[in-house]
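Working notes, structure below.
Every number here is computed from the coordinates shown, using simple stated rules; none is lab data. This is a predicted model, so every value here is computed, not measured. All Cβ positions, glycine included, derive from the backbone under ideal geometry; neighbour counts span all protein chains shown.
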Amino acid sequence: MNVLNLLTKYTKKGMCPLAGSSVSVDRLFINRQMQNLAAHLHYRTIDVSSFKEIVKRWYPEKYATMPAKIGKHRAVDDILESIEELKWYCRNIFKETEIPVQ
C-alpha cells in the first residue's frame, strides 16, 4: 500500500496536514515528485521541531528534561520519534489531561 492510498483510507482530501520534524524539504519533494499526494494534503504543516525551539527558549528547565532522541534517521523511526516528541510536549508543556495524538 502506498502513502496516498493509506491517507485516502483514513483522511479526507485537504484535511491532513503534513507533520513531522523539519518537514519543509519533505513538502518541497512531495510537491515536485508526488503531486497527487500533495493535492491530498492540507496546505498547513505541523513542524514538531518548531515546538522544540519554542520550549528551548521559553521553558529551558523543561527542555533539559526532554528524553534524548535516538536519531536513526530512518523514515519510520523518525516518524515514531516525532509522534513521541509531540506527545511529550502535550504532557509536559500543554498539560492536557488527554493526549490528542494517538
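Our summary gives the stretch 25-102 a relative contact order of 19 percent, counting only alpha carbon pairs under 8 angstrom and 6 or more residues apart.
Partner lysines whose Cα lies under 30 Å from the Cα of Lys56, excluding those fewer than 8 positions away in the same chain, are identified as Lys69, Lys72, Lys87, Lys95. Debye-formula intensities of the chain, expressed as log10 I(q)/I(0) at q = 0.19, 0.21, 0.23 Å⁻¹, are -1.04, -1.19, -1.31 (one equal scatterer per alpha-carbon, no solvent). Taking the helices alone, the chain has a mean residue ellipticity at 222 nm of -15000 deg cm²/dmol, built from -39,500 (n - 2.57) per DSSP H run of at least 4 residues and averaged over all its residues.
Ordered by the count of other Cβ atoms within 10 Å of each Cβ, fewest first, Leu28, Leu7 give Leu28, Leu7.
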